[in-house]
Amino acid sequence: MSVRVATVADAHEVAQLAAQTFPLACPPGTRSEDIEHFISNVLSARNFEAYVADSARAVLVDETADSGLIGYAMLVSGTPADPDIRAALSQHPTLEISKLYVRPTEHGSGAAARLISSALSHAREAGCTGAWLGVNQQNVRAQKFYAKHGFEVVGTKTFVVGVQTHDDYVMQARL
Ligand SMILES: CC(C)(COP(=O)(O)OP(=O)(O)OC[C@H]1O[C@@H](n2cnc3c(N)ncnc32)[C@H](O)[C@@H]1OP(=O)(O)O)[C@@H](O)C(=O)NCCC(=O)NCCS
(Lines give C-alpha, C1' and ligand atoms only; values in the text may rest on other atoms or scores of the structure.)
Protein backbone atom coordinates (compact mmCIF):
# COMPACT_ATOMS: atom_id res chain seq x y z
CA MET A 1 0.00 0.00 0.00
CA SER A 2 1.43 3.34 -0.93
CA VAL A 3 0.43 6.77 -2.12
CA ARG A 4 2.14 8.24 -5.16
CA VAL A 5 1.56 10.99 -7.69
CA ALA A 6 -0.34 9.67 -10.73
CA THR A 7 1.08 9.96 -14.23
CA VAL A 8 -0.61 10.03 -17.62
CA ALA A 9 -0.27 6.23 -17.69
CA ASP A 10 -2.72 6.04 -14.76
CA ALA A 11 -5.41 8.24 -16.36
CA HIS A 12 -7.59 5.41 -17.61
CA GLU A 13 -7.57 3.48 -14.32
CA VAL A 14 -8.15 6.62 -12.23
CA ALA A 15 -11.11 7.53 -14.46
CA GLN A 16 -12.58 4.04 -13.91
CA LEU A 17 -12.17 4.42 -10.15
CA ALA A 18 -13.65 7.94 -10.30
CA ALA A 19 -16.71 6.71 -12.20
CA GLN A 20 -17.20 3.89 -9.69
CA THR A 21 -16.88 6.10 -6.60
CA PHE A 22 -18.40 9.47 -7.60
CA PRO A 23 -22.01 8.30 -7.01
CA LEU A 24 -21.11 7.47 -3.39
CA ALA A 25 -20.67 11.17 -2.60
CA CYS A 26 -23.97 12.27 -4.16
CA PRO A 27 -26.98 12.85 -1.90
CA PRO A 28 -30.00 10.56 -2.17
CA GLY A 29 -32.25 11.66 -5.02
CA THR A 30 -29.45 12.69 -7.37
CA ARG A 31 -30.67 11.76 -10.85
CA SER A 32 -28.65 9.05 -12.60
CA GLU A 33 -28.52 11.12 -15.80
CA ASP A 34 -26.93 14.00 -13.87
CA ILE A 35 -24.35 11.63 -12.37
CA GLU A 36 -23.60 10.20 -15.83
CA HIS A 37 -23.29 13.71 -17.25
CA PHE A 38 -20.77 14.65 -14.54
CA ILE A 39 -18.76 11.47 -15.02
CA SER A 40 -18.50 11.88 -18.78
CA ASN A 41 -17.79 15.64 -18.64
CA VAL A 42 -15.49 15.90 -15.63
CA LEU A 43 -14.15 12.43 -14.80
CA SER A 44 -13.26 10.93 -18.19
CA ALA A 45 -9.84 9.41 -18.92
CA ARG A 46 -9.21 12.38 -21.22
CA ASN A 47 -9.94 14.77 -18.33
CA PHE A 48 -7.56 12.87 -16.05
CA GLU A 49 -4.83 13.00 -18.71
CA ALA A 50 -5.22 16.79 -18.59
CA TYR A 51 -5.38 16.90 -14.78
CA VAL A 52 -2.11 14.97 -14.32
CA ALA A 53 -0.41 17.23 -16.87
CA ASP A 54 -1.65 20.45 -15.20
CA SER A 55 1.09 22.07 -13.09
CA ALA A 56 -1.57 23.59 -10.79
CA ARG A 57 -2.90 20.12 -9.91
CA ALA A 58 -1.66 16.86 -8.44
CA VAL A 59 -3.53 13.58 -8.61
CA LEU A 60 -2.54 11.22 -5.79
CA VAL A 61 -3.33 7.51 -5.97
CA ASP A 62 -3.25 4.81 -3.33
CA GLU A 63 -2.57 1.32 -4.61
CA THR A 64 -2.00 -2.21 -3.42
CA ALA A 65 -0.03 -4.91 -5.20
CA ASP A 66 -3.11 -7.16 -5.36
CA SER A 67 -5.97 -4.76 -6.07
CA GLY A 68 -4.41 -1.93 -8.08
CA LEU A 69 -5.76 1.56 -7.40
CA ILE A 70 -8.00 1.71 -4.35
CA GLY A 71 -8.33 5.46 -3.89
CA TYR A 72 -7.39 8.80 -5.33
CA ALA A 73 -7.32 12.48 -4.46
CA MET A 74 -6.96 15.55 -6.63
CA LEU A 75 -5.27 18.66 -5.29
CA VAL A 76 -5.60 22.11 -6.83
CA SER A 77 -3.25 24.90 -5.79
CA GLY A 78 -4.04 28.59 -5.86
CA THR A 79 -6.60 30.98 -4.46
CA PRO A 80 -10.17 29.90 -5.24
CA ALA A 81 -11.93 32.07 -7.82
CA ASP A 82 -15.30 32.02 -5.98
CA PRO A 83 -15.41 35.18 -3.78
CA ASP A 84 -17.61 33.47 -1.15
CA ILE A 85 -15.11 30.65 -0.73
CA ARG A 86 -12.21 33.13 -0.60
CA ALA A 87 -14.00 35.10 2.10
CA ALA A 88 -14.64 31.95 4.15
CA LEU A 89 -10.97 30.92 4.20
CA SER A 90 -8.64 32.40 6.81
CA GLN A 91 -5.47 30.63 5.66
CA HIS A 92 -3.47 31.68 2.60
CA PRO A 93 -1.70 30.36 0.63
CA THR A 94 -4.09 27.43 0.43
CA LEU A 95 -4.67 24.28 -1.55
CA GLU A 96 -7.97 22.63 -2.44
CA ILE A 97 -8.54 18.93 -1.93
CA SER A 98 -10.86 18.82 -4.90
CA LYS A 99 -11.60 15.09 -4.83
CA LEU A 100 -10.94 12.28 -2.37
CA TYR A 101 -12.56 8.96 -3.16
CA VAL A 102 -11.87 5.42 -1.95
CA ARG A 103 -13.33 2.15 -3.21
CA PRO A 104 -16.23 1.09 -0.96
CA THR A 105 -14.51 -2.19 -0.02
CA GLU A 106 -11.66 -0.10 1.46
CA HIS A 107 -13.73 2.35 3.52
CA GLY A 108 -12.55 2.29 7.12
CA SER A 109 -9.30 0.58 6.05
CA GLY A 110 -6.93 3.52 6.45
CA ALA A 111 -6.60 4.15 2.70
CA ALA A 112 -8.42 7.49 2.96
CA ALA A 113 -6.23 8.47 5.92
CA ARG A 114 -3.09 7.77 3.87
CA LEU A 115 -4.43 9.88 1.01
CA ILE A 116 -5.36 12.86 3.17
CA SER A 117 -2.07 12.73 5.10
CA SER A 118 -0.24 12.75 1.81
CA ALA A 119 -2.40 15.63 0.53
CA LEU A 120 -1.67 17.71 3.65
CA SER A 121 2.07 16.97 3.37
CA HIS A 122 1.92 18.07 -0.24
CA ALA A 123 0.25 21.33 0.84
CA ARG A 124 2.85 21.98 3.56
CA GLU A 125 5.72 21.29 1.15
CA ALA A 126 4.16 23.80 -1.26
CA GLY A 127 4.27 26.43 1.51
CA CYS A 128 0.52 26.48 2.20
CA THR A 129 -0.74 27.41 5.65
CA GLY A 130 -4.18 25.96 4.96
CA ALA A 131 -6.10 23.41 2.93
CA TRP A 132 -9.80 23.48 2.06
CA LEU A 133 -12.48 21.37 0.44
CA GLY A 134 -16.18 21.23 -0.36
CA VAL A 135 -18.31 18.37 0.93
CA ASN A 136 -22.01 17.72 0.39
CA GLN A 137 -24.05 18.78 3.42
CA GLN A 138 -25.67 15.31 3.55
CA ASN A 139 -22.36 13.41 3.34
CA VAL A 140 -21.93 12.94 7.08
CA ARG A 141 -19.38 10.14 6.76
CA ALA A 142 -17.00 12.34 4.75
CA GLN A 143 -17.57 15.30 7.12
CA LYS A 144 -16.65 13.10 10.11
CA PHE A 145 -13.59 11.83 8.26
CA TYR A 146 -12.41 15.37 7.45
CA ALA A 147 -13.07 16.56 11.02
CA LYS A 148 -10.84 13.71 12.31
CA HIS A 149 -8.10 15.12 10.07
CA GLY A 150 -8.30 18.68 11.37
CA PHE A 151 -10.93 20.27 9.11
CA GLU A 152 -13.74 22.47 10.37
CA VAL A 153 -16.73 24.01 8.61
CA VAL A 154 -16.03 27.63 7.67
CA GLY A 155 -18.75 28.33 5.09
CA THR A 156 -21.05 26.98 2.41
CA LYS A 157 -21.01 26.77 -1.38
CA THR A 158 -22.91 25.08 -4.18
CA PHE A 159 -21.80 22.28 -6.50
CA VAL A 160 -23.41 21.57 -9.85
CA VAL A 161 -24.05 17.96 -10.93
CA GLY A 162 -25.73 17.89 -14.34
CA VAL A 163 -28.71 20.22 -14.03
CA GLN A 164 -28.92 19.96 -10.24
CA THR A 165 -27.30 22.29 -7.72
CA HIS A 166 -26.15 20.65 -4.50
CA ASP A 167 -25.38 22.35 -1.17
CA ASP A 168 -21.86 21.86 0.19
CA TYR A 169 -20.03 22.87 3.34
CA VAL A 170 -16.65 24.52 2.90
CA MET A 171 -14.18 22.99 5.35
CA GLN A 172 -10.70 24.26 6.13
CA ALA A 173 -7.67 22.85 7.98
CA ARG A 174 -4.84 25.00 9.36
CA LEU A 175 -1.47 23.41 8.59
C1 LIG B 1 -15.08 9.97 2.53
C2 LIG B 1 -14.11 8.80 2.57
C3 LIG B 1 -12.87 9.12 1.74
C4 LIG B 1 -13.68 8.59 4.04
O5 LIG B 1 -12.91 7.43 4.15
P6 LIG B 1 -13.30 6.30 5.22
O7 LIG B 1 -12.29 5.24 5.14
O8 LIG B 1 -14.73 5.94 4.99
O9 LIG B 1 -13.17 7.17 6.57
P10 LIG B 1 -13.10 6.67 8.08
O11 LIG B 1 -13.74 5.31 8.22
O12 LIG B 1 -11.71 6.85 8.56
O13 LIG B 1 -13.99 7.79 8.80
C14 LIG B 1 -15.37 7.89 8.56
C15 LIG B 1 -16.09 8.13 9.88
O16 LIG B 1 -17.52 8.23 9.60
C17 LIG B 1 -18.20 7.22 10.35
N18 LIG B 1 -19.32 6.77 9.52
C19 LIG B 1 -19.37 5.71 8.70
N20 LIG B 1 -20.55 5.67 8.07
C21 LIG B 1 -21.27 6.71 8.52
C22 LIG B 1 -22.57 7.20 8.26
N23 LIG B 1 -23.38 6.60 7.40
N24 LIG B 1 -22.97 8.34 8.90
C25 LIG B 1 -22.16 8.97 9.77
N26 LIG B 1 -20.90 8.55 10.05
C27 LIG B 1 -20.47 7.43 9.44
C28 LIG B 1 -17.19 6.15 10.63
O29 LIG B 1 -17.53 5.39 11.75
C30 LIG B 1 -15.93 7.00 10.86
O31 LIG B 1 -15.93 7.62 12.14
P32 LIG B 1 -15.07 7.00 13.37
O33 LIG B 1 -13.65 6.92 12.91
O34 LIG B 1 -15.29 7.98 14.46
O35 LIG B 1 -15.66 5.64 13.64
C36 LIG B 1 -14.76 7.48 2.04
O37 LIG B 1 -15.85 7.11 2.87
C38 LIG B 1 -15.26 7.62 0.62
O39 LIG B 1 -14.51 7.43 -0.33
N40 LIG B 1 -16.57 7.91 0.47
C41 LIG B 1 -17.23 8.00 -0.83
C42 LIG B 1 -16.74 9.21 -1.60
C43 LIG B 1 -16.86 10.49 -0.83
O44 LIG B 1 -17.86 10.75 -0.17
N45 LIG B 1 -15.80 11.30 -0.93
C46 LIG B 1 -15.74 12.59 -0.30
C47 LIG B 1 -16.21 13.61 -1.25
S48 LIG B 1 -16.09 15.23 -0.53
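The values are calculated or read from the model by the stated rules, or taken from the named source; none is laboratory data. This one's a predicted model, so the numbers in the text were calculated from it and none came from an experiment. Counting neighbours? That spans all protein chains shown, and the Cβs are built from the backbone with ideal geometry, glycine included. Surface areas here come from the heavy atoms of the whole protein model, side chains and all, with no ligands, DNA or RNA. Shrake-Rupley method; radii C 1.70, N 1.55, O 1.52, S 1.80 Å.
Magnitude of the Cβ-charge dipole of the range 73-157, K/R +1 and D/E -1, about the Cα centre, nearest 20 debye?
So the dipole magnitude of the range 73-157 works out to roughly 260 debye.
Which residue, chosen from HIS37, ALA87, VAL102, occupies the Cα position most advanced towards the positive end of the dipole of the range 1-124, where the dipole is computed from +1 (Lys, Arg) and -1 (Asp, Glu) charges on Cβ about the Cα centre?
Ranked along the dipole, the leading option is ALA87.
Where does each of TYR51, TYR72 land when they are ordered by accessible area, with a 1.4 Å probe and the largest first?
So, going from the largest accessible area down, we get TYR51, TYR72.
Estimate the FRET efficiency between THR165 and ALA65 by the formula 1/(1 + (r/R0)^6), using the beta-carbon distance for r and 45 Å for R0, to the nearest 0.05.
Step by step, r from the Cβ atoms, then E = 0.60.
Can you tell me the FRET efficiency between ASP34 and ALA87 if r is taken as the Cβ-Cβ distance and R0 is 25 Å, rounded to the nearest 0.05?
It comes out at approximately 0.30.
Would any residue of the range 20-47 have its amide N under 18 Å from a label point 7 Å out along Cα→Cβ of GLU106? List them or say none.
Correct set: 20-25.
Would you mind checking the radius of gyration and Dmax of the range 57-173 based on alpha-carbon positions, in Å?
Rg then Dmax for the range 57-173, in Å: 14.1, 44.
Name the most mobile residue of LEU24, LEU43, LEU69, meaning the one with the largest mean-square fluctuation, in a Gaussian network model of the chain with Cα contacts below 10 Å.
LEU24
Divide by every residue of the chain the summed helix terms, -39500 (n - 2.57) for each DSSP H run of at least 4, and state the resulting mean residue ellipticity at 222 nm, rounded to the nearest 500 deg cm²/dmol.
-10500 deg cm²/dmol
Quick one: with all protein chains in place, what share of the accessible area of the range 37-175 is carbon or sulfur, to the nearest percent (1.4 Å probe)?
Carbon and sulfur: 47 percent of the exposed surface of the range 37-175.
Under 20 Å Cα to Cα from LYS157, which aspartates and glutamates show up? Leave out anything in the same chain fewer than 8 places away.
Counting by Cα, and skipping residues close in sequence, LYS157 has these aspartates and glutamates nearby: ASP34, ASP82, ASP84, GLU96, ASP167, ASP168.
With an 8 Å Cα cut-off and a minimum separation of 6 or more residues, compute the relative contact order for the range 72-175 in percent.
Rounded, it is 28 percent for the range 72-175.
Return one whole number: the accessible area per residue of the chain in Å², for a 1.4 Å probe.
Accessible area per residue: 49 Å².
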